[in-house]
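Contents: one structure, followed by commentary.
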Amino acid sequence: MALKFKRKHHKKFRLNRSAGGNAAINVLLCFMGAFMVLPMVYAISNSLKPLSELWIYPPQFFVENPTLKNFRDLFNMMSDSWVPFSRYLANTIFISVVGTTGHVIISSLCAYALAKHNFPGRDFLFKIVVFSLMFSTVVTGVPSYLIMAKLGLIDSHWSIILPAFCSSLGLYLMKQFMEANIPDTLIEAAHIDGAGENLVFFRIIMPLVKPAWLTLVIFSFQGLWGTQATTTIRSEELKTLSYALSQVVAGGIARQGASAAASVIMMIVPILVFVLTQSNVVETVATSGMKD
Amino acid sequence: MREKSRYSTWARMKRSKISYLYIAPYMILFFTFTVLPVVIAMFLSFTSFNVLEMPKFVGFDNYTRLFLKDSVFIKGVKNTIVLALFIGPGGYIMSLISAWFINELTPKVRALLTLVFYAPSISGNAYLIWSVAFSGDDYGYINSLLTRLGYITEPIQFFQNTDYIIPLIVLISLWNSFGTGFLSMIAAFQGVDRTYYEAGALDGIKNRWQELWFITMPMMKPQMMFSAVMSITGAFNVGAIVTAFCGFPSTDYAAHTIMNHLEDYGSTRFEMGYASAIAVFLFVMMVGANSLFKKFLNSVGK
């Protein structure tokens, strides 16, 4: 009931919309949407094609006789492997979940201090974070590897997780959102009411920037889920799902079908995470109940 | 909170204990795993380093070689600038406009369309579908369509013909790198307080464009800065797509980018010192583009 009322309320104030503009926008969105979603449809359709259709010329966009054989083949190949597949899956889940959770907490804490506290060195540190996004990772690979070796992180999941904790992108995103969406007066009011800094952070700031950290969850999870981690992880039983699948399907033309199935499987989990987080984004109004 | 001049730096640092506590976990990791490698790489740009032997200090040799002796690099710089001029602003405007449009829809439709627009970023290397579409034989979708319509008699070698390479790379990069900026814009629009729109309407905002320019954009300046940095890094880092579609090297180096050059020396030839010099140059270019955009952003809403 409350929700319905809210929606009505917001319609009432949409004063500046012309019907023609709305129609044009909807048509444009449909065209662009088709353009964007086409390759995903193609990937799914490909995974359902029998081998004969995969090699047909000219290539067909849509599948004619859909079959789940590719997925069955893939699972058969996976069960032949020396390390059980559940192990690869567990590794990837561990890396993705721990990495994402830690990243959101650690970078939000830092972002809050950078956005809302005023301390010596703040602007300088923030500049370094932004500029670090612009330095190519091709040449930092060797130094990073040496540092990890010194710290004894080679051949451990932490060689993936620790750098993921401190991704610059996440911190930058959170800091910008906190700057835009949280009025200083709100924090001051909370302090006057006797709330400590930790309470302010977890009870007021984090709920208000929910759209931002849910976006962060998507970015981080997606990156970690697809990681192959071949340079720092050597033991077979520590390797990731993405790596294992790429090995299974690297076995030549006969495995093209399984390869198409594998790419769909790798896609499904990030999509699920996306849908879960997006459906949780509720509009937040930072200034509600406040007068400036 | 704003009392810069009244206390000495040391006194202010002592008062800010909790702030330092908040940033410590992040900053310790960040300096270990990001800043230190970058500093080392910058140092390596003044050395000759093949990964196996110890680096040898060579002064500015790598940089003079880059600008005076490496004509392929100069070509790469030109291509990168051309590509970045289209991909950067193009991708940025696309993500801003589409996030804005999608934000107007009802929550369920909005979630669906967000997924649709974000699809390329989720679909792994799905961008390879464009190689089927633009394939250089009669079976490519575009070639067969053009032949059937009678525009051409012979298939066009899209990825070999130097007239088509750059526009195609722009198209595919726009499509592929759209996601990050777009998703953060979507979140940014959701953070704008609706009461400002009501106030704006009463104050004489006439149409949605004015609303965007005078209310929404000034409200989300910080997030726009974020998306801009994403666009800039995406636009200057184009390289993998060129290799995937045109091979390496592309015909006559027609689509050779700084990133291609960097990967060639860093990952294939293992001339790490030289590759580091290229990376430093690329970095300087992006920092420049970043400060240009900052100037533009200051004029928004005026």
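Only one of B:THR106, B:THR64 is among the polar types (S, T, N, Q) and either open to solvent by 80 Å² or more (accessible area, probe 1.4 Å) or closer than 27 Å to B:MET286 by Cβ (or both); which?
B:THR64
For every residue, the table says whether it meets (1) acidic (Asp, Glu); (2) farther than 29 Å from A:LEU238 by Cα; (3) free of Cβ contacts under 8 Å to residues at least 40 places away in the same chain; (4) within 8 Å of chain B (Cβ to nearest Cβ).
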| residue | (1), (2), (3), (4) |
| --- | --- |
| A:PHE119 | no, yes, yes, yes |
| A:THR140 | no, no, yes, yes |
| A:TYR145 | no, no, no, no |
| A:ALA164 | no, no, no, no |
| A:SER168 | no, no, yes, yes |
| A:TYR172 | no, yes, no, yes |
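Which one of these does A:ALA190 not meet: (1) more than 25 Å from B:TYR20 (Cα to Cα); (2) open to solvent by less than 30 Å² (accessible area, probe 1.4 Å); (3) assigned to a helix (DSSP H, G or I); (4) among the hydrophobic types (A, V, I, L, M, F, W, C)?
A:ALA190 satisfies all of (1) more than 25 Å from B:TYR20 (Cα to Cα); (2) open to solvent by less than 30 Å² (accessible area, probe 1.4 Å); (3) assigned to a helix (DSSP H, G or I); (4) among the hydrophobic types (A, V, I, L, M, F, W, C) except (1).
Within segment B:58-81, is even one residue more than 29 Å from the chain's Cα centre (by Cα) and aliphatic (A, V, I, L, M)? Before you say what the answer is, go through the steps one by one.
Within segment B:58-81, the subset more than 29 Å from the chain's Cα centre (by Cα) is B:58-59, B:61.
Narrowing the set further to residues that are aliphatic (A, V, I, L, M) leaves B:58.
Looking for residues that are more than 29 Å from the chain's Cα centre (by Cα) and aliphatic (A, V, I, L, M), one finds at least one in segment B:58-81, hence yes.
Are there helices (runs of 4 or more DSSP H) fully within segment B:1-117 with at least 3 residues that are within 14 Å of another protein chain (Cβ to nearest Cβ) and of a type in the set (A, V, I, L, M, F, W, C)? List them. Give the steps one after another, and end with the answer.
Numbers: elements: B:9-15, B:17-30, B:36-44, B:61-64, B:71-103.
In segment B:1-117, the matching helices (runs of 4 or more DSSP H) lie at B:9-15, B:17-30, B:36-44, B:71-103.
Condition first: open to solvent by 10 Å² or more (accessible area, probe 1.4 Å), aromatic (Phe, Trp, Tyr) and touching a Ser or Thr at 6+ places or on another chain (Cβ under 8 Å). Now tell me which residues in segment B:223-269 satisfy that.
Those that are open to solvent by 10 Å² or more (accessible area, probe 1.4 Å), aromatic (Phe, Trp, Tyr) and touching a Ser or Thr at 6+ places or on another chain (Cβ under 8 Å): B:PHE236, B:PHE245.
Which residue pairs have Cβ atoms closer than 7 Å, lie 6 or more positions apart in sequence or on different chains, and pair a first residue in segment B:190-209 that is more than 7 Å from chain A (Cβ to nearest Cβ) with a second residue that is modelled with pLDDT of 80 or more and outside any helix (DSSP H, G or I)?
Qualifying pairs under 7 Å: B:VAL192/B:MET220.
Are any residues in segment A:141-178 modelled with pLDDT under 90 and under 23 Å from B:MET230 (Cβ atoms), and if so, which ones?
Correct list: A:GLY141 only.
Wholly within segment A:32-133, which helices (runs of 4 or more DSSP H) include no fewer than the required count, namely at least 1 residues that are at pLDDT below 85 and surrounded by 15 or more Cβ atoms within 10 Å (Cβ to Cβ)?
On the way: elements: A:51-54, A:69-79, A:85-116, A:122-132.
Hits in segment A:32-133: A:51-54, A:69-79, A:85-116.
Please specify each residue of segment B:170-208 satisfying the condition of being outside any helix (DSSP H, G or I) and hydrophobic (A, V, I, L, M, F, W, C).
Of the residues in segment B:170-208, the ones outside any helix (DSSP H, G or I) are B:178, B:191-194, B:203-207.
Correct list: B:PHE178, B:VAL192, B:ILE205.
Tell me the residue from B:ASP163, B:ASP138 that is in a loop (DSSP other than H, G, I, E, B) and either assigned by TED's automatic domain parsing to the domain that holds B:HIS256 or surrounded by fewer than 15 Cβ atoms within 10 Å (Cβ to Cβ) (or both), please. Before the answer, list the steps.
Details: B:ASP163 fails: in a loop (DSSP other than H, G, I, E, B).
None of the other options fit; the residue is B:ASP138.
Among the residues of segment B:286-302, how many are within 11 Å of another protein chain (Cβ to nearest Cβ), open to solvent by less than 50 Å² (accessible area, probe 1.4 Å) and touching a residue at least 60 places away in the same chain (Cβ under 8 Å)?
So the answer is 2.
Kindly indicate the residue of segment A:23-54 that is facing chain B (nearest Cβ under 10 Å) and β-branched (Val, Ile, Thr) and also farthest from B:TYR141 (Cα to Cα) among those meeting that condition.
Looking at the filtered set, the residue picked out is A:ILE25.
Scan segment B:201-222 residue by residue and report those that are crowded, with 19+ Cβ neighbours inside 10 Å and over 31 Å from the mean Cα position of the chain (by Cα).
B:ILE205
The values are calculated or read from the model by the stated rules, or taken from the named source; none is laboratory data. Everything numeric in this text was worked out from a predicted model, so none of it was measured. Note: ideal-geometry Cβ built from the backbone for every residue, glycine included; neighbour counts use all protein chains shown. Surface accessibility is based on the protein's heavy atoms, side chains included, excluding ligands, DNA and RNA. Shrake-Rupley method; radii C 1.70, N 1.55, O 1.52, S 1.80 Å.
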